[in-house]
Amino acid sequence: MPDSTQPILVKRERCPGCHRDAAKLLHSEPLDSPGITRYMQDHYEGRVERAFGGYDYQLAQCGHCGLAFQAQVPSSELIEEIYDRWLPATERALVASHFGLDDYRYLAGQVEFMLGHFGLRPFELKALDFGFGWAEWAKMAGAYGVDVCGAELSQVRIEYAKSVGIRIVDTRALPDREFHFINTEQVFEHLLEPGTVLKQLAAALRPGGLVKISVPDAAKSIGKLLGAKSFAALGKDDIMPIAPFEHINAFTHASLVAMGKEAGLAPLRPSLRKLYNSSSGWLEPKAALKRLARPVYRHVYPKSTFVYFARPA
Ligand SMILES: [Zn+2]
């Protein structure tokens with residue numbers, strides 16, 4: 001059994017996006033409330049070995065940059081427990097079995113967009129896949145001839161990436177002004193210090209380089225939680241972007257852009273021609289509609305939490 005004398009949550013006093021001390025509490029709910037207990041049982045499939053009496057889920061919002069974040073986050077001991085023992089298995093074979101042709105086309109489209117944007121030969125383009133998971137993006141970039149490397153915390157994923165030829169870099173010693181492009185897919189919502197990490201990534205970009213940040217959009221979930229005042233009223237999809245313990249930073253388009261600004265980065269407004277030119281599968285009616293709509297809602301009237309950020313040239 002886990003040691004019950006150690007605190008399992010630690011407080012984040014300052015905004016993790018801009019580091020200012022301007023947060024106000026949006027919502028507080030005991031971690032053993034019926035709604036959160038039901039979520040934990042479903043999400044962790046009954047593997048939770050803790051009692052959470054006396055602890056609260058606290059969602060705060062920074063009055064300066066607007067970032068909503070969990071003010072109480074798991075201690076390093078609890079994080080290990082969650083990721084090693086509670087989370088459902090995410091072996092590579094299982095994850096890969098959910099990937100269809102459209103998912104690979106989507107990755108290929110992103111890589112083609114990157115190559116089209118820089119107009120370089122693939123082998124000249126240096127890219128980093130930061131927090132690469134099972135390295136799907138990195139492998140796709142490599143298949144197009146890009147000089148790609150990756151950073152990741154999970155040892156089993158690092159070993160896999162090495163086995164398919166991805167070079168590994170140390171996240172604590174990223175080279176200065178090295179990369180044309182840094183990919184981050186579903187990473188920043190998990191980080192204890194997202195603002196600090198983004199500054200490190202910005203420093204590792206060449207002038208004119210791009211970092212892609214793609215995170216869950218928490219706007220709707222925050223609105224529902226504040227309206228209902230309880231997790232009990234939220235469905236699984238509503239909870240996902242603000243999930244206790246895991247999605248500790250709850251971004252909206254505006255707070256993501258504000259964090260970029262703190263790091264000296266500005267959102268890119270890519271041309272529709274370039275975006276359309278880098279996606280395939282247009283002759284399938286259902287998919288074509290998605291291909292037509294996505295660049296518009298993402299980049300023309302941007303409200304989404306998929307943003308290409310540029311370091312000034
Ligand atoms: Zn802030």
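I'd like to check which helices (runs of 4 or more DSSP H) are fully inside region 195-302 and have at least 3 residues that are over 26 Å from Phe118 (Cα atoms).
By residue number, 219-228, 236-239, 285-295.
Helices (runs of 4 or more DSSP H) wholly in region 87-158 with at least 3 residues that are out of contact with any helix residue (DSSP H, G or I) (no Cβ under 7 Å at 6 or more places or on another chain) and of a type in the set (A, V, I, L, M, F, W, C) - which ones?
Details: elements: 92-97, 101-118, 136-143.
It comes to 92-97, 101-118.
Give me the strands (runs of 3 or more DSSP E) completely within region 1-67, filtered to those with at least 1 residues that are within 16 Å of the ligand (Cβ to nearest atom), surrounded by 21 or more Cβ atoms within 10 Å (Cβ to Cβ) and not hydroxyl-bearing (Ser, Thr, Tyr), ordered by residue number.
23-30, 56-62
How many residues, within region 264-313, are among the aliphatic types (A, V, I, L, M) and touching a residue at least 40 places away in the same chain (Cβ under 8 Å)? Outline the logic, then answer.
First, the residues of region 264-313 that are among the aliphatic types (A, V, I, L, M): 265-266, 268, 272, 275, 283, 287-289, 292-293, 296, 300, 307, 310, 313.
Right, trim to touching a residue at least 40 places away in the same chain (Cβ under 8 Å) and you get 265-266, 268, 275, 287, 307, 310, 313.
Total satisfying the criteria: 8.
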#### Entry: Condition check for Ser271: closer than 29 Å to Val300 by Cα, among the polar types (S, T, N, Q) and either buried (at least 17 other Cβ atoms within 10 Å of the Cβ) or more than 15 Å from the ligand (Cβ to nearest atom) (or both)
yes
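None of the figures in this text is laboratory data; all of them are computed from the coordinates on show. Just so you know, these numbers come straight off a predicted model, no measurement behind them. Note that we place each Cβ from the backbone using ideal geometry, even for glycine, and neighbour counts take in every protein chain shown.
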